[in-house]
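Read-outs throughout are calculated quantities, based only on the coordinates presented, and are distinct from any laboratory measurement. Keep in mind that this is a model prediction, so the values were computed, not measured. Cβ: placed from backbone, ideal geometry, glycine included. Neighbour counts: every protein chain shown.
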Amino acid sequence: MVNARLQELCDRADIFDCMYRYARGIDRMDRELLRSAYHDDAVDDHVGFAGPVDDFIDWPFAYHATQTRTPVLSDEPHGRDQAIRRTRRPTTFSSEPTPTPTNP
């Protein structure tokens, strides 16, 4: 029973890590990181796209280039008693120029 529960927790952690690699890869437009969330012969089926993952990767990068990004948080173990926390503030990307703020 304990071994099965431990395996389930390990499996969940692996899935969680994969989801964060996907989200962080999209957020940072990091092709290598995003690709690492898929197995070698993966097929992605999103609304608006269905096909090999290597063809898919360009699709969200083009789409999200003008979208507001949400923060991605990850805690990565670093040694026995430390972890690295990674966060990112929401950032808006747009193809339109951003007005320069003026000080009163």
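Of all residue pairs spaced 6 or more apart or on separate chains, those with beta-carbon atoms under 7 Å, a first member in segment 1-30 that is at positive phi and a second member that is surrounded by 10 or more Cβ atoms within 10 Å (Cβ to Cβ) are Met29/Phe61. Counting the residues of segment 16-41 that are more than 18 Å from Phe61 (Cα to Cα) and surrounded by 10 or more Cβ atoms within 10 Å (Cβ to Cβ) gives 3.
Whenever a residue of segment 44-60 is exposed (fewer than 13 other Cβ atoms within 10 Å of the Cβ), its partners that are part of a strand (DSSP E or B) and among the β-branched types (Val, Ile, Thr), lying with C-beta atoms within less than 7 angstrom and at least six residues away or across chains, give the pairs Gly51/Val43; Pro52/Val43.
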